[in-house]
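Enquirer: The structure is given below, and queries will be raised subsequently.
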Amino acid sequence: MRPRFHPRLINGPFDDPGLYIPFLFQHRAIIFDLGDITCLAGRDLQKISHAFVTHTHMDHFIGFDRLLRTLLGREKTLALFGPEGFIKNVEGKLAGYSWNLVSNFNYPLNLEITEVNSQSTVCRRYCCGDKFIPVNQSVEQPFNGILYEEPGLTVTAAILDHGIPCLGLAIKEHFHVNILKDGLKKLGLEPGPWLADFKQALYNRSDPESKFELRSGQGEKARHYQLGKLASKIALITPGQKIGYITDVAYNQPNANKLVALVEEADHLFIEATFLDTHKDIAAEKNHLTAGQAGMLAAMAGAKQFSVFHFSPRYTGEEQRLREEAYLAYQKQRTENRCQRADDTLIS
């Protein structure tokens with residue numbers, strides 16, 4: 001089974017945080033945080049359709065300028081999401097440049113900026129051709145934890161405490177479509193671009209009785225199948241992949257409760273481990289997690305796999321200590337979880 005998402009941390013563990021998530025077989029990606037993104041090639045940046053910024057400290061937001069510069073002059077809409085005050089922060093960035101030459105661009109870049117508050121989201125739209133002056137009134141909607149949704153996936157968020165509001169993020173594929181090679185062979189079908197259309201029809205939850213037109217090669221005569229019957233022969237549908245991303249949060253009970261609920265049962269959780277437990281007082285003062293706290297929270301959430309990042313530079317050359325502390329805390333908490341479940345079973 002090949003997962004649809006292929007997330008990777010943008011930088012090393014001591015550098016700016018950020019997660020790049022390209023989509024398999026699509027010229028598309030999303031990004032969590034916009035810190036230093038100079039290591040991403042222009043072709044990678046051009047794939048980004050949605051950027052989710054946890055908060056606008058410099059190490060999480062300075063890359064906005066490079067992303068904007070790369071996308072200028074392209075016919076594209078870039079959606080950006082961030083916490084309270086995000087619209088003002090983005091407008092401040094845009095106001096820092098002169099836009100008198102944008103009429104020379106053949107293709108306009110559009111920005112859709114969404115600010116997330118505890119009760120609602122506020123969205124404004126900006127067009128490069130209008131010198132990034134808002135082109136409509138703000139649109140406000142209730143916030144129920146969902147930031148973005150399309151037929152195949154959902155991005156959810158929780159507002160966490162970092163001394164300022166900070167977003168915890170998760171992306172969940174609704175289900176995963178695996179193509180069965182033997183099924184293709186039995187029908188005499190060759191893999192090709194049509195498979196992307198076939199998968200999208202399933203993600204769109206199209207009527208199983210609807211007709212699906214298939215051309216397996218250039219010049220080939222079109223074949224028509226009933227979507228549901230074709231799916232039963234060439235596709236295996238399994239639960240979708242879930243990715244969690246947590247950085248820059250204080251260790252306290254409200255944060256822990258919201259964090260665990262957000263990334264529960266994540267296939268892969270990316271979580272900060274800024275300090276060692278021996279420096280937990282400094283971590284508390286700076287509203288960050290220790291490695292031990294990160295590992296414990298990953299286990300409490302039932303994460304199947306987790307990676308730690310965003311290490312304090314004070315541990316340069318000692319990153320293995322942070323990884324080991326997180327892993328040991330993860331294993332300890334998992335043991336406690338199993339014991340608790342066993343006790344609950346006995347009681348019931």
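The values are calculated or read from the model by the stated rules, or taken from the named source; none is laboratory data. Since the model is a prediction, treat every value here as computed from it, not as a measurement. Cβ coordinates were reconstructed from backbone atoms using ideal geometry, including for glycine residues, and neighbour counts include every protein chain displayed. Calculation scope for accessible area: heavy atoms of the full protein, side chains included, ligands and nucleic acids excluded. Shrake-Rupley method; radii C 1.70, N 1.55, O 1.52, S 1.80 Å.
Enquirer: For Q241, state whether it is touching a His at 6+ places or on another chain (Cβ under 8 Å) and either open to solvent by 20 Å² or more (accessible area, probe 1.4 Å) or closer than 30 Å to M300 by Cα (or both).
Expert: yes
Enquirer: I need the full set of residues from region 147-175 which are in contact (Cβ under 8 Å) with a residue 40 or more places away in the chain and hydroxyl-bearing (S, T, Y), in order please.
Expert: Y148, T156
Enquirer: In addition: Under the condition of being surrounded by fewer than 20 Cβ atoms within 10 Å (Cβ to Cβ) and among the β-branched types (V, I, T), which residue from region 156-187 is farthest from A235 (Cα to Cα)?
Expert: By that ranking, first place goes to I164.
Enquirer: Could you tell me which residue of region 54-99 is most open to solvent (accessible area, probe 1.4 Å), considering only residues that are under 20 Å from N136 (Cβ atoms) and β-branched (V, I, T)?
Expert: T77
Enquirer: Looking at (1) under 30 Å from P83 (Cβ atoms); (2) touching a residue at least 60 places away in the same chain (Cβ under 8 Å); (3) open to solvent by 10 Å² or more (accessible area, probe 1.4 Å), which is the one condition that is false for V249?
Expert: (3)
Enquirer: Using beta carbons and a limit of 7 Å, which pairs, at least six apart or on different chains, have the first residue in region 187-204 and of a type in the set (K, R) and the second one outside any helix (DSSP H, G or I)?
Expert: Every condition considered, the pairs that remain are K199/V177.
Enquirer: Among T38, T77, which is the only one that is within 23 Å of F132 (Cβ to Cβ) and polar (S, T, N, Q)?
Expert: Selected residue: T77, the only one of T38, T77 that is within 23 Å of F132 (Cβ to Cβ) and polar (S, T, N, Q).
Enquirer: Within region 217-237, is even one residue touching a helix residue (DSSP H, G or I) at 6+ places or on another chain (Cβ under 9 Å), open to solvent by 30 Å² or more (accessible area, probe 1.4 Å), modelled with pLDDT under 85 and closer than 30 Å to D33 by Cβ?
Expert: No; the residues of region 217-237 include none that is touching a helix residue (DSSP H, G or I) at 6+ places or on another chain (Cβ under 9 Å), open to solvent by 30 Å² or more (accessible area, probe 1.4 Å), modelled with pLDDT under 85 and closer than 30 Å to D33 by Cβ.
Enquirer: Would you call V260 of a type in the set (V, I, T), within 18 Å of N144 (Cα to Cα), crowded, with 17+ Cβ neighbours inside 10 Å and touching a residue at least 40 places away in the same chain (Cβ under 8 Å)?
Expert: Criteria met by V260.
Enquirer: Let me ask another. Return the only residue of G35, G12 being of a type outside the set (S, T, N, Q), open to solvent by less than 40 Å² (accessible area, probe 1.4 Å), closer than 22 Å to L147 by Cα and over 14 Å from the mean Cα position of the chain (by Cα).
Expert: G35
Enquirer: While we're on this one: Looking at this structure, is L40 crowded, with 19+ Cβ neighbours inside 10 Å and not polar (S, T, N, Q)?
Expert: Working: crowded, with 19+ Cβ neighbours inside 10 Å: yes; not polar (S, T, N, Q): yes.
For L40, the condition - crowded, with 19+ Cβ neighbours inside 10 Å and not polar (S, T, N, Q) - is met.
Enquirer: So for region 242-251 (the condition being over 30 Å from I271 (Cα atoms) and in contact with a Leu (Cβ under 9 Å, 6 or more places away or on another chain)), does at least one residue qualify?
Expert: no
Enquirer: Please work out if F5 is out of contact with any Asp or Glu (no Cβ under 9 Å at 6 or more places or on another chain), under 22 Å from K242 (Cα atoms) and crowded, with 20+ Cβ neighbours inside 10 Å.
Expert: No: the conditions fail for F5.
Enquirer: Would you please list the contacts, defined by Cβ atoms under 8 Å and residues six or more apart or on different chains, that run from a residue in region 29-47 that is more than 17 Å from F270 (Cβ to Cβ) to a residue that is among the polar types (S, T, N, Q) and buried (at least 16 other Cβ atoms within 10 Å of the Cβ)?
Expert: G42/T70; L45/T70; Q46/T70
Enquirer: Could you check region 268-301 and list, in sequence order, the residues that are assigned to a loop (DSSP other than H, G, I, E, B) and free of Cβ contacts under 8 Å to residues at least 40 places away in the same chain?
Expert: T274
Enquirer: Take region 126-155 and flag every residue that is open to solvent by less than 70 Å² (accessible area, probe 1.4 Å) and among the charged types (D, E, K, R).
Expert: Listed by number, the list holds a single entry, E150.
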